[in-house]
Amino acid sequence: MFHEHRDTIAKLKQENARFHDLFDKHNELDEKISQLSKDFSNQFEIEKLKKEKLKIKDEVHNMIVDYNNAR
């Protein structure tokens, strides 16, 4: 996620606990969605998790942009 911002992400993960938690949660959801998709699980559950993941991704992106704009 956001490979073009690797340096910023590394700094934010060290400096901002909320960012670190959100980033980890996004990765956890990604893994869970992948596993549920492989298992052909409930599509409603998968869609719910995808929406949660997208919401987190938006927040992470906003934090990256804010950090870069503050520099």
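Things to note:
- Of the cross-linked pairs Lys13/Lys48; Lys25/Lys48; Lys13/Lys57; Lys32/Lys55; Lys13/Lys51; Lys13/Lys50, those separated by over 18 Å at the C-alpha level are Lys13/Lys48; Lys13/Lys51; Lys13/Lys50.
- The calculated 222 nm mean residue ellipticity attributable to helices in the chain amounts to -29000 deg cm²/dmol, summing -39500 (n - 2.57) over DSSP H runs of n ≥ 4 and dividing by all residues.
- All other residues whose Cβ lies under 15 angstrom from that of Lys53 are scored, Lys and Arg at +1 and Asp and Glu at -1, for a net of -3.
- Computed over the stretch 3-70, the P(r) tail beyond 18 angstrom holds 42 percent of alpha carbon pairs.
- The loop-placed chymotrypsin sites (Phe, Trp or Tyr not before Pro) in the stretch 37-71, going by DSSP, that have at most 11 neighbouring Cβ atoms within 10 Å of their Cβ come out as Phe40.
- Only Cα pairs under 8 Å and 6+ residues apart enter the sum, and on that basis the relative contact order of the stretch 3-70 stands at 41 percent.
- FRET efficiency estimate (nearest 0.05) - Cβ-Cβ, Glu4 to Lys51, R0 35 angstrom: 0.90
Only the coordinates and a few stated rules stand behind these numbers; no lab work does. It should be emphasised that the depicted structure is a prediction, and the values quoted were computed from it without experimental measurement. Here the Cβ is made from the backbone with ideal geometry for all residues, glycine too, and neighbour counts use every protein chain on show.
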